[in-house]
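Peer 1: Here you go, one structure.
Where a number appears in this text, it was derived from the coordinates with a stated rule and is not lab data. Quantities reported herein were computed from a predicted structural model and do not represent experimental measurements. Cβ sites come from the backbone with ideal geometry, for glycine too, and all protein chains shown count toward neighbours.
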Amino acid sequence: MIEEPYRWVEAIANRREYIETQLGSGSPIVALSYAGGILLLTVGRQKLFEIYDRIALGAIGHPGDIERLRMAAIELASTEGFTRSAADVSLRRLAYYSLSPVMKNAFEQIYGAPFLARLLFVEIGSSPEDDLFLGLEYDGAISGSQPKEPNSRFAVLGGTKASAEQMEQFLRQEHRDGEELSVAFQLALDAWTLGHSGVSDTGEIPPREQLRELRKQRLEDGVIEAAVLDRGINSAVRYHALTATDLAKLSAS
């Protein structure tokens with residue numbers, strides 16, 4: 001098979017189709033800026049993680065593969081912080097030069113198991129213009145950049161590319177920089193609902209009233225998980241998981 005390139009290409013295509021099928025039912029993840037930092041939100045348990053002082057991770061996929069990648073990211077960041085300094089720990093370096101090559105190699109080695117995982121990293125900067133959002137695919141591909149344009153500081157992770165595109169379209173229309181956390185929380189929930197409900201035949205975003213009704217239905221058996229990277233706290237560690245009390249207050253707002 002290795003000597004026949006077309007068979008390798010066919011094997012890669014089959015592998016991609018299999019992974020996409022496995023990830024298709026994953027609960028979406030939304031990350032967006034608000035007045036005090038960056039909010040991450042999903043519905044489910046143990047899908048959001050702290051990686052280092054200013055870096056957080058959201059992931060969908062197989063729990064074992066997510067854990068392996070999470071631990072690798074933590075180890076790499078901790079080593080970098082120890083041998084150099086905490087300020088030298090960079091999400092770009094972590095993604096481009098460490099995790100992406102590992103995931104690409106696992107995907108292309110067709111006799112081994114690939115990572116069944118799709119990752120979303122966020123890094124909070126000293127100002128909103130310095131915030132960074134990066135998506136990392138199972139094949140090592142990296143998406144996202146440092147958004148400089150106003151009202152573009154968000155990123156999503158969807159079970160399918162179509163659901164992610166619809167969430168992005170919704171956020172491009174609705175997201176505004178500098179909103180309070182309560183407003184960002186409601187917007188993130190609406191975006192999650194849109195991604196979890198599937199893409200309509202027309203591809204159009206439903207009216208807000210219909211979206212809120214869909215949200216109510218989807219959350220009946222779900223548990224909201226949310227965390228923030230707080231720009232305003234006087235601490236090196238910016239990650240803060242929102243408690244049940246925090247979520248109750250934000251849900252009621």
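Peer 1: Taking the conditions exactly as written (within 19 Å of L194 (Cα to Cα) and out of contact with any Asp or Glu (no Cβ under 8 Å at 6 or more places or on another chain)), does P28 satisfy them or not?
Peer 2: yes
Peer 1: Select, from E75, E80, E50, the only residue that is touching a Leu at 6+ places or on another chain (Cβ under 9 Å), among the charged types (D, E, K, R) and without any contact (Cβ under 8 Å) to a residue 24 or more places away in the chain.
Peer 2: On inspection, the qualifying residue turns out to be E80.
Peer 1: So S143 ticks every box in (1) more than 25 Å from S25 (Cβ to Cβ); (2) under 19 Å from the mean Cα position of the chain (by Cα); (3) among the polar types (S, T, N, Q) but one. Which box is left unticked?
Peer 2: (1)
Peer 1: Hey, can you tell me all the residues within region 211-253 that are touching a strand residue (DSSP E or B) at 6+ places or on another chain (Cβ under 6 Å) and free of Cβ contacts under 8 Å to residues at least 40 places away in the same chain?
Peer 2: Selection gives H240, L242, L247.
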